[in-house]
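What follows is a set of notes on a single structure, which appears directly below.
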Amino acid sequence: MSIKTPSFPILNVLLAATLLSACSVLSQFRPSTNLNVCPPPPGIALSSNQVVRYYSCLGTLADEAINKEYQATNRSFSITGSDSDRLRLAMLLSLPDTGFRSIGTALDLLQHLPAGTTSAPSELQDIAGMLARLLAQQLRADGAVDDLTKALAAEKAHAEFLQGKIDAVKDLEINLIHRDQP
């Protein structure tokens, strides 16, 4: 008993395998826009998903790498002025525990984001607006903390003044007690 296999499906499989291997060869010749690199190089326009990934990526970098990223992004923004670089720079400026942190400057960058050419706001403008609101809230919270710190220092100084008065009254009582003894 001989089983005859139709050659048409086998040819389709071979053709598909050949085309897939050709696609992988061709993909090597396309310009690299690999956004899986952490952080992606400055100057590449980012989508909203990539902006979120970029911010997450910043949290994994060492201090030296963050400083390098800030310098590279700052240079790129001064050259291109792109929305993507503006948003990146604002995110970098909002990072805590960095020497270049400036929430006011980051907020200024985000609030002066140029309007898009279309009537509907772009994804980056939506993210910039959200980040601007969060940074404005952070700025208010920082101001409240500063005010409370000053009030606490004033209360501490007042408490020390009152403690000095109490100590003086105690010393006076002790002196009066010792003076009345024979």
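The values are calculated or read from the model by the stated rules, or taken from the named source; none is laboratory data. Keep in mind that what you see is a predicted model, and the values were worked out from it rather than measured. Because the Cβ atoms are built from the backbone with ideal geometry, glycine has one as well, and the counts that use them run over all protein chains shown. For the accessible areas, the whole protein counts, side chains as well, though only heavy atoms, and no ligand, DNA or RNA atoms are used. Shrake-Rupley method; radii C 1.70, N 1.55, O 1.52, S 1.80 Å.
Computed over neighbours whose Cβ is under 14 Å from that of residue 172, the net charge equals -1, Lys and Arg +1, Asp and Glu -1. Within the assembled protein chains, the solvent-accessible surface assigned to residue 64 is about 120 Å², based on a 1.4 Å probe. The order of 172, 95, 139 by accessible area, most exposed first and with a 1.4 Å probe, is 172, 139, 95.
Between residue 101 and residue 157, the simple spin-label model (points 7 angstrom out along Cα→Cβ) gives 2.6 nm. Heavy-atom accessible surface of the stretch 65-182, averaged per residue, reaches 67 Å², computed with a 1.4 Å probe.
A P(r) calculated from all alpha carbon pairs of the stretch 56-182, with 5 Å bins opening at zero, reads 2, 9, 13, 14, 12, 9, 6, 5, 5, 4, 4, 4, 3, 3, 3, 2, 1, 1, 0, 0 percent. Taking a sphere under 13 Å around the Cβ of residue 112 and counting the other residues whose Cβ falls inside, with K and R at +1 and D and E at -1, yields a net charge of -1.
When all protein chains stay in place and ligands, DNA and RNA are ignored, the 1.4 Å accessible-area order of 70, 55, largest first, is 55, 70.
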